[in-house]
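Participant: Dropping a structure here in C-alpha cells format, bear with me for questions.
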Amino acid sequence: MEERLLHPADGNSTSRQFGGAAPFFVGLVVALIFGWWAFPGMLFSEQEQPINFSHKVHIQDAEMECSACHYFREDGTFAGLPTTESCAECHSDEPLGEDPEEARFIKEYVETGKEVKWHVYQKQPDNVFFSHAAHSLESCNNCHDFSEVELCSQCHIDVANMDKAPTYYENKLTTYSKQTMKMWQCERCHAHPEHYGVTRSSNACFVCHK
Amino acid sequence: MAVDRRGFLKFVAGATTGVLATPVPWKLLDDASIWTQNWSWIPRNVDGENSYISTISKLCPSAAGMKIRLVGNRPVRALPDDNHPLSMGGITALAAAEVQLMYSPSRVKRPLKHSGDGAYVAISWEEAEKILKENLRRAGSKIAYVSGDETGTINELLSGMAKESGSEDFYVMPSEVQPAARAFAAMNGNGQLGYDIENSDYVLALGANILESWGTVLRNRAAFKQSHPAAEKPTVKYVYAGPVQSNTAAGADEWLPAKSGTEAIVALGIANLLIKAGASVNAPDFAEFKALAAQFTPQKVASLTGVTPAKLKAIAVELSKAERPLVLTGSEFGQGTGVATVLAGTAVNMLLGSFGREGGVKALPLAPKVIASGMDRSEIADKDLVAYLSRISAGKVPAPRAMVFYEANPVYGLPQPAAMAKVMDKVPFKVAFTSFLDETAQACDLILPTPLGLERFDDVETPYGIGQAFYALARPVAPCAVDGKPAADVLLNVASQLNMDLGFATYEEVLQAKAEAAGADWDSLMEGEFFTSDAVAEQSGLRLGAAVMGKALAAAPKAAKLSIAPVQKLNIGTPNTAIPPYNNKTIRRWELQKNEMYVAMNGATARELGVVKHDRIKLTNSSGSIQARVNIFEGVMPNTIAVLMGFGHTAFDEFSKGKGENVMELLTVGYEAGTGQSVWNVAGVNVSKA
Amino acid sequence: METKEFTIKWGMAIDLDKCTGCGACMVACQAENNLAPIADASNKIKVMNWITVYELSNGKPYPEHDVAYLPRPCQQCGHPPCVSVCPVIATDKNEEGGIVSQVTPRCIGCRYCMAACPYHARYFNWRDPVWPGGLEKALTPDVSVRPRGVVEKCTFCHHRWMAAKDKAIVEGRDPMDLPEGEYVTSCTEACPNGAITFGDLNNEEHEVAKLASSKYAHRLLERLGADTQVYYVSRREWVLRQLDNYLEDEKVKG
Amino acid sequence: MGKNYSLPADHELFPEGTSRCSLTKFSIWMGLVGAVALWGLYAAFRVLAEGLGVTGLDDYFGFGLWITFDLAVIALGAGAFFTGLLRYILNIDPLKNIINLTVIIGFICYSGAMLILVLDVGQPIRAWFGYWHANVHSMLTEVIFCITCYLIVLIIEYIPLILEQKQLNRIPVLHHLAHNLHVWMPLFAGIGAFLSTFHQGSLGGMYGVLFGRPYVLRDGFFIWPWTFFLFVISAVGSGPVFTVLIATLMEKMTGKKLVSWEIKSLMGKIAGAMLLVYLVFKFADTYAWAVDVLPRSGLTFDQNFYQTIYGKWLLWSELFLCGVVPCIILLTPKLRNTPALFYSAALLDCIGITINRYVFTVQALAMPVMPFDSWETYAPNWAEWGASALVLAYGAIILSLSYRYLPVFPQERALNATKSN
C-alpha cells in the first residue's frame, strides 16, 4: 500500500505490463503445479511396515509356497496374513538369518506374543466382501492362462521378489491404502459380459458388498 | 511487485480454472464421500478365524444349550446347537444375547466396597478376600447364604460352607423347583419329577408357561416344533390354561382361560371327571383323594377358576382319549405356586396312567452330593427363602450377622421387595457375588464380580422340567471381560483359610467329582459333550398326597374381585440379567412407552373400571402399589390385570433402569396350609386413576 | 408386472401358528447384523430392527379373542417398490438368489425407498450407532457397520450365503447347488419353534418351496403386486385375511 | 458532491428514481430476519452435526415437513417458469411488469428447496452421487437433474437483474452482459419452462409410482403415473397468484405501489384458468382413485382417513374451499376485481396446493397399508421448523435486498409518481 503511494506510476505501469492475461496464466500454472504435483503428496502419508518382511528370502531362499502363509481355512475363508504364532513356528528362539529385522521381530513380537500391525496394500473397506475362494486359478484359467503369481498380481503388488517391503501410502482423508482397488477396477472383470457365463459372477451389488 | 485488485482477480480466475483441471476438487469430492463410509467414530469390522464352542447357558433359566461363535478369540454370537438336548436347534431371546451381555455396561468391573457414604470404592481382590474372610469369621454361625443358581453344584459348596460354620441357612431363590420337589417328597417319591413332553401326544399345561419360561423351554419348544409341522394339522394337541393369552397360549392349540393360582382346582376338577369315568390309582391314599376330588364338581370349578363346565369336560374327555397325555403344572410367572398345584397335576397324570410311562411324568435320579457337608437338592428344596426372610422381618428369628448372595437378586426378584430390602438393612455385612451391578449388589457392603457362565467353569445338573437325567459343563469361551474371579474359587480359598473342610481344594475338582457321581465322562464333557440318561428312580409306596392337597385347598385364599396376573417373558430378562441391551427392542409397544409401563385388561374390565387405553392408573393392594398405563387386550380374563414382569429396575444400566415398575411390589406372600410353603400366585388389587 | 427371475430364489415361509412372539429372531438378527442397541426403544417407529414381530388380533372380545404374531423381515420382493425409486442405485435386485441388496456406502439417505415400501422393512440411521460399555467388541466381521444418515434393511443374512458358497468352493463343490440348510438366515436358525423355513423357492426339493405352494400359504399384501419372496402360513382364516386388504364382500384367496 | 442528509446513507445504490426507507429501519428489519435465520442455522448445524435424529422424522415418516415445504415452494415458485413462458414465448407483453419478481421468487424457492434438501438427505457429502451414479428409472433422479438445471437457469435469469443495479450497470462490460442476456432471455425462458414442467411433473410422478402406497398410487389410466400432470397444472394454477401475493405483501410493507392492479388481475385470471383445468383433472383423478385404485387394492375410501389429523376435511378443503371457490372468484371478472375477494382467493389457492402437497407426502405415509398396522401421526419438531424458517428468512433477505437495490418493478416509478401527484 505504502509502496503504491510512493511509486504510483510504477504500480500502474506494472499493472499495465502484467495486464491482460498474464495474472490469469500465473494463477493457472500455480494451480496446475499445486494440483498435480504438491497435492498428491499432501493427501497421502508414507508409512513403512513395522517389520521389513522379505518375501524374496522366504520364497527363493527358504523355498516356501505362497500358500504356506496365505491359505484357505476349512470354512472357506482366506487366512490373509499369518499370525505371529504361525510365524513363530520357524522364527522362535534364534534368528535363522542375518537380518536384524528378524531378530527384532523375534524380540518384539514372538517373545511378547503381540500381533504385527501389517499395512495391507490392497485392504478393502468393511463394506466389501472379497472372496479369495471365488477368484481361483481354476475359475480364471477356464479362459486365461495365468500363473499363480500372475493371477494374484492382477490386484496385489507383486512382492514375491522384493527384499524390501514397499512403502505404504495412506490416504489421510479416507484412511485407505493408495492401492485399495476402486470399484471400477473390480468392474474391469465383473462388468465384462464374457465373465458371466464362465464364472457365474455378475456385476450385482451384493456379489461384492456386505 | 505490487498487484492491484484486478490483477489479483485475474490470478484467482486463473487459479480456479487451473484447479478444476487438476485432481484436487474431484479427488477431494470422491475421498470425502469415502470418508463418510469410514468415520473414525463408527466401529470397524475385525476379522479373524471362526471357531465354535459348545456350552450351556448359566444365565438363561432355560439352561439353553448353545454354540458360541468366536472370531479370532472374540466371542460374537450365541447360536443354537442342533445336537444339544437343551437347544435342539433353537435359542431363547435371552440366551441369544448372552455374548453381548459380557460387555453390558452394568457389569461389575472390579471388586467394590460400599463405603459409609454410599459410594463405591474399587478395591483389590486381595483386600476383598480379606474383608470377606474377616466378616465370615466374625459372623460365625450367624450367617446365611442365598444362591440364584438352580442347577449348579455351587449350591453344595455354599450350603457346605453354611453348615461348616454351624448355620442351616442356605437358600435358593424361589422358582418352580421347590414346590415340585416338596410335592414329590410329600408323595413319598424319590428323585426329581421329569416330563417327557417330546413323546407325549396330548399336552395340558396348567399355568405352566411351557413355550416361554417354564422348565427347559427350548426342549419344550422343540417338542412343540416336532408336533406342529408347518401348514399341517398338529400331531399333538397343546392346551394351555392360564389367566392371560400369553406367548404359550399363542402357540397352544387351545387357550383355556383360568384364573391365576387356581391350577390345582382345575386339575382336581379334571381328576373328579376322570375318576367318575372309571380312572383310579393304586395308591394308599386314593380313597381320600377321590373324596377330595369329588368336591370339585364342574360347577364349583367354574365358579372358582372361570373354566366353564363344558370346557372342563371336553378337556377331561380328550385327556382320557389320548394315548400318552401329559399334564404340566406351574405358575404363569415361574414362581410363587404351592405344593398342592404340583400334587394335583401329578395326581391327574397318575389317573391317566402317565406316571412312569413314555410321554408322561418320570422320576429322574439325581447325582449324589459330592461335598459331604453340603445339602442335596431335596434338602435345599425344603429351605424357603421367602419364609425365612419373613420370619426375620416379623422378629421371629434374629437377623444373621452376614449374608452371602451368589448370583441372586432378592431385593428385586422376591415378592414384596420393599419388605425384603428392610430385612437386608438389619444384616450388618452383606456380600454379593454377581456379574452385574444389580439391586441386591447395590444394597451390599462388598460386591465381587463373577465371570459370566461364558467365562468360567460351571455345571448344570438335571434342570427342572427336563425329561431325562442330564449333566453338562459350562466352559469358558473367552477370558473374563472384567476383573472377575469365579465365586467358587474365591469361596474355596476363604473356606480353607477359615479352616472349613469341604473336601476339595479347587472347584474343578468339585466338578470332576460331580461329573463322576452323575456317571458322566469328564473328558467328553470338557469337549462340550453332555451327559443324559434315561434311567429312572425306583419308587415304592407312592402316595397322591391327598391330605396335603386337602388342607391346602381348604384354606386356599379366595380370589379377589380384581386380581393381578403377572406375565413372564424371557426376552425381558431375569432379576439377574435385567433387560439385556439388545432386548429392549423386543418389548412390545404397548408394554412400555418411555419409562411408563402398560398393564393389560380386557375391554369389559376396562369399562367396569371406567378406564380407556393409555389412561394412567394406580394399582394398589396391601403389599404396595405401582403406576402404569392401560392397554386393552382381549386375551385377558375378566377382572384380571396382566402385568409384565421384569420392569422397574432401580439398578443396572440405561437399558433397564427406571423403566416401568416392578410387579413384585404387588405380590403378597401367603403360606400354604399344611405345607407352610410360601406362595404368592394370588394377588388382589385395587385400581384407581392416577 | 414384470418380475426379474433367477435360477435360485431364496425365500422364507413363516408359520404364524407356530410363532409365539418370543423375540429370539429379533435378538439374533441384531447380534448377527451389527445393529446398535438403544436405551429407549419404546418409540417403535424410530427403532431399528430388520425383523419386527407384529401382534395380530382377531378383533373379537374375550373369550373369543385370538392372537397371532407375525415376524416381518424384508419381503425381498420380486418386483420391489423400493428399487426403482432409488436415485443412486444403492438398492438393487440383480443378484442370483433374488435378495434385494442395499449398499449403505452408496446410500445418500433420501429415504424415498422407505416411502415406497409398504412393509416398513426399511430403516434409517437417525443417529450414529453407539455400542456402550465395550459392546462393539461383540460385533461380527460379516456385516459392515453403518453410520448415520443411511437406510438399511434385512438382507436375508446375505453374508451367510457368501460364506456358504466359499466353503463349497474350497471343498470343491458347486457353490450354486448348496444342500438345503447349508445357508439359512440368523432368524431362521434362532427360532426355537421352527416357525421359519428358509430355502430356495425354485427348488421343489426344498421345504420352503413345498410350503409356499400350500393352500395355507399367503403373501403379505399380495394384491399390490410386489411378488414377495416371503410366505406366511396359517391354518387360521382370520390370520390369512389380515395378510392383505380385502373389501367386505371379498373372500380370502385359496 | 454535497450530501443530502434527508436521504438514506445508501441512497446512491437505489434503483433510478425510487425512494427507500432509512438504512436504520432497513437494518432493524434485516436484524429481525437475521435472528430468525440464525435460529434456522443453529437447527441446520445440529442436523448436519448429529444426524436427522434431531428432527421429528421417523421410519414411518421418512418424509415430513421439509419435503412438504420443498414441494409447496416449488409449486408456488412455478410463477417464475410459467410467467416466463407466457411473457417470452407467448409474448404476453404486460407480464414484463412482474416478470422480475417471478424470477426472484423462483430463484428463492428453488435455491431454498436445495438448501432444505441438503439437510434432508442423510449423507449430504454424498449428494453428488445423484448425478454420478444416477438411476435413470427413479423419478427422484429426474427431479434432481431438472431442479439443478432449472436453478442454473434461474440464476442466469437473475443475473441481468443484478447487473442492472445502478452502480454495476455503469461498468460497460456488465452493462453489455446484462443487455445480451436479456436478448437471450426467451431461450432461457423456454429451457426453464421445459425443465420446470418436467420436474414439477416428476415430483408428482414420485408419488404416483409408489405402487406400495395405494393412497398416492395413480396407475391404470392413460399414462402412469398421471400425478405427473396434476402436479404440473396445479403448480401453474397457483404460482402466478403466489407471486401476486408476495408483491402485495411487499406493497403493504413498503407502503408503495409496485405492480398495477391490471397486472395482478391478469395473473389471477391466468392462474384461475389453469386452476380450472387442474380441478377438472383433479376431480376426475379423485373419482378414479376412489372407484378404481382403492378397490383394486382392497381398500375403501374411508380407510384412507383417520381422525381429525388425517380427516376427510383435508380433502374437501383442498377440493372445494381451496379449489372450486378460488377458481370461481378468479375467473369471474367482477369478483376478481374486488381486491379483498381476489386476495382471499389467491391465498386459498396457495393453501389448497400446500394441502395437496402435504397429504401426498405425510398422509400417504401415515396410512397403514398392512391391515394389522396402525395409523401413525407425525408432527415436525423445532429443528424442522427452524430450518424451514431459515429458508423463509433467506427468502426475505434476498427479496429485501433485491427490492432495495435492484430495479425489480418497472412500474414502481410511474405508479408512485402518479400517486404523489
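Participant: Taking other Cβ within 10 Å of each residue's Cβ, how do D:Leu151, B:Leu292 sort, fewest first?
Facilitator: D:Leu151, B:Leu292
Participant: Something else: Across chain D, how many lysine pairs, 8 or more positions apart or on different chains, have C-alpha atoms separated by under 17 Å? Please give the number.
Facilitator: Within chain D, the lysine pair count is 13.
Participant: While we're looking at this one, here's another question. For C:Glu248 paired with B:Gln226, estimate the spin-label separation in nm (one decimal), with each label point 7 Å from Cα along the Cα-to-Cβ line.
Facilitator: Each label point lies 7 Å from its Cα, and together they span 4.9 nm.
Participant: Please turn the phi angles of segment B:281-296 into ³J(HN,Hα) values with the Karplus equation 6.51 cos²θ - 1.76 cosθ + 1.60 (θ = phi - 60°), one per residue in order, whole Hz, x for glycine and proline.
Facilitator: For segment B:281-296, the Karplus-derived couplings read 10, 7, 9, x, 9, 5, 4, 4, 5, 4, 5, 5, 4, 4, 5, 9 Hz, x marking Gly and Pro.
Participant: Under 1.5 on a/c is rounded, so check that first for chain C, then, if it is not, pick prolate when a/b is larger than b/c and oblate when it is not; a ≥ b ≥ c are the square roots of the alpha carbon gyration tensor eigenvalues.
Facilitator: Because its axes are fairly even, with a/c under 1.5, chain C counts as rounded.
Participant: Just to confirm the filter: which GluC sites (Glu not before Pro) across segment C:136-216 are DSSP coil and have at most 11 other Cβ within 10 angstrom of their Cβ?
Facilitator: Those that pass, being in a loop and sparsely packed, are C:Glu204, C:Glu205.
Participant: For segment B:189-364, what is the relative contact order in percent, using Cα pairs closer than 8 Å and at least 6 residues apart in sequence?
Facilitator: Here the relative contact order equals 35 percent.
Participant: Taking H placed 1.01 Å from N in the peptide plane, check which residues at least 5 places from A:Cys155 or on another chain put their amide H under 5 Å from its amide H.
Facilitator: Close amide H contacts, sequence-distant or interchain: none at all.
Participant: Mean residue ellipticity at 222 nm from the helices of chain D, using -39,500 (n - 2.57) per DSSP H segment of n ≥ 4 over the full residue count, to the nearest 500 deg cm²/dmol?
Facilitator: Per the formula, -20500 deg cm²/dmol.
Participant: Still on this structure, I have one more. Please rank D:Asp59, C:Asp15, fewest neighbouring Cβ atoms within 10 Å first, as an exposure proxy.
Facilitator: D:Asp59, C:Asp15
Participant: As I understand it, the dipole of chain A uses +1 on the Cβ of Lys and Arg and -1 on the Cβ of Asp and Glu, about the Cα centre. Which of A:Val149, A:Val207, A:Phe53 lies farthest toward its positive end?
Facilitator: A:Val207
Participant: I'd like the Karplus ³J(HN,Hα) series for segment B:543-560: coefficients 6.51, -1.76, 1.60, θ = phi - 60°, whole numbers in Hz, and an x wherever there's a Gly or Pro.
Facilitator: Karplus-based 3J(HN,Hα) across segment B:543-560 equals 10, 8, x, 4, 4, 4, 4, x, 4, 4, 6, 5, 9, 4, x, 6, 5, 6 Hz.
Participant: Rank D:Val103, D:Val244, D:Val47 by mean-square fluctuation in a GNM of chain D with C-alpha springs under 10 angstrom and give only the top-ranked residue.
Facilitator: D:Val47
Participant: When only Cα pairs under 8 Å and 6 or more residues apart are kept, what is the percent relative contact order across segment B:359-518?
Facilitator: Across segment B:359-518, relative contact order equals 22 percent.
Participant: Counting only helical runs of four or more DSSP H residues, what would the 222 nm mean residue ellipticity of chain B come to if each run contributes -39,500 (n - 2.57) and the total is spread over all its residues?
Facilitator: So the calculated ellipticity at 222 nm is -9000 deg cm²/dmol.
Participant: State the Cα centre-to-centre distance between segment D:130-175 and segment B:476-507 in whole Å.
Facilitator: Comparing the Cα centres of segment D:130-175 and segment B:476-507, I get a distance of 77 Å.
Participant: Classify segment C:1-58 from the C-alpha gyration tensor, please: rounded if a/c falls under 1.5, else prolate or oblate depending on whether a/b exceeds b/c.
Facilitator: Prolate shape, in that a/c is at least 1.5 and a/b is the bigger ratio.
Participant: Turning to a different aspect of this structure: Rounded to the nearest 5, what is the percent of antiparallel bridges among the DSSP beta bridges in the protein assembly as shown?
Facilitator: 60 percent
Participant: Out of all DSSP beta bridges with both ends in segment B:557-689, state the antiparallel percent to the nearest 5.
Facilitator: Restricted to segment B:557-689, the bridges split so that about 60 percent are antiparallel.
Participant: For segment C:107-254, what does the alpha-carbon gyration tensor say about shape, rounded, prolate or oblate, given a ≥ b ≥ c as the root eigenvalues, a/c under 1.5 as rounded, and a/b over b/c as prolate?
Facilitator: It comes out oblate by the Cα gyration axes.
Participant: To the nearest 0.05, what FRET efficiency results for B:Thr235 and B:Ala537 with a Förster distance of 25 Å applied to their C-beta separation?
Facilitator: Once the sixth-power term is evaluated, E becomes 0.25.
Participant: Excluding residues fewer than 8 places away in the same chain, name every one of the lysines whose C-alpha is closer than 28 Å to that of B:Lys561.
Facilitator: Qualifying lysines at Cα under 28 Å: B:Lys259, B:Lys300, B:Lys311, B:Lys313, B:Lys551, B:Lys569, B:Lys613, B:Lys618, B:Lys689, C:Lys60.
Participant: Now for a different question. Given Cβ point charges of +1 (Lys, Arg) and -1 (Asp, Glu) and nothing else, what value in debye, to the nearest 20, does the dipole of chain B about its Cα centre take?
Facilitator: 2500 debye
Participant: With an 8 Å cut-off on Cα pairs and a minimum separation of 6 or more residues, tell me the relative contact order of chain B in percent.
Facilitator: 18 percent
Participant: Between segment D:246-307 and segment B:1-71, how many Å separate their Cα centres?
Facilitator: 46 Å
We did not get these values from a lab; they are worked out from the coordinates using the rules stated. All values reported here derive from a predicted model rather than from experimental measurement. With ideal geometry, Cβ positions are generated from the backbone for all residues, glycine too; neighbour counts draw on all protein chains shown.
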